Every structure is written in structure tokens, then in C-alpha cells.
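Working notes, structure below.
The values are calculated or read from the model by the stated rules, or taken from the named source; none is laboratory data. Note that the coordinates shown come from a computational prediction; the quantities given were computed from them, not determined experimentally. Here Cβ is always computed from backbone atoms with ideal geometry, including for glycine, and neighbour counts include all displayed protein chains.
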Amino acid sequence: MKIFIKHFLIILVITSLILYFFTIKEGMEVLKLEGGYFKNIGKTFEYFFLWVIPYWWYILIIASLVLSLISTIIFKRFR
């Protein structure tokens, strides 16, 4: 069970980071921010956590559960 939780958390963080990097440009456009991505990093995080995560949270959880279950089975089978 420990390995399942570890895989779940790692996959959840990785999928969240991927989703963040895919939504940076959209957040910049919606908030009408000028400059670079990292100049307005606080605003992009605000957009991500207040608008993107609430919509995608269940999908991220389900995808992380499925992928961690698969990876746990694979790791236990080949050990």
C-alpha cells in the first residue's frame, strides 16, 4: 500500500505540472498579462489554482489512481 500511495503522489504532481505548463499561455491570454511567463508567475499560479484545478481535479485524481495502480502492479510483478 505504501508503494501505491508513493506512486499516486508522484503521478499526481507530474500530471499537475504538465497541466500547468499546458495552461500557462491560456492564463496569460485570459488575464491579459504582458511580458514573459515568469515575470507574472504569481498570476499564472493564481489562474491555475483558482480556475484550472477546480475543473480538472477529478480527472487528475482518477488518472493518477489508474496510472499508479498500473505502475504498482508492474513494479510488484517484476520484483
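Annotation note: of Ile41, Ile59, the sole residue that is at pLDDT 90 or above, surrounded by 11 or more Cβ atoms within 10 Å (Cβ to Cβ) and within 22 Å of Lys25 (Cα to Cα) is Ile59. For the range 1-29, the set of residues classified as modelled with pLDDT under 90 and either loosely packed, with under 13 Cβ neighbours inside 10 Å or among the acidic types (Asp, Glu) (or both) consists of Met1, Lys2, Phe21, Phe22, Lys25, Glu26, Glu29, listed by residue number.
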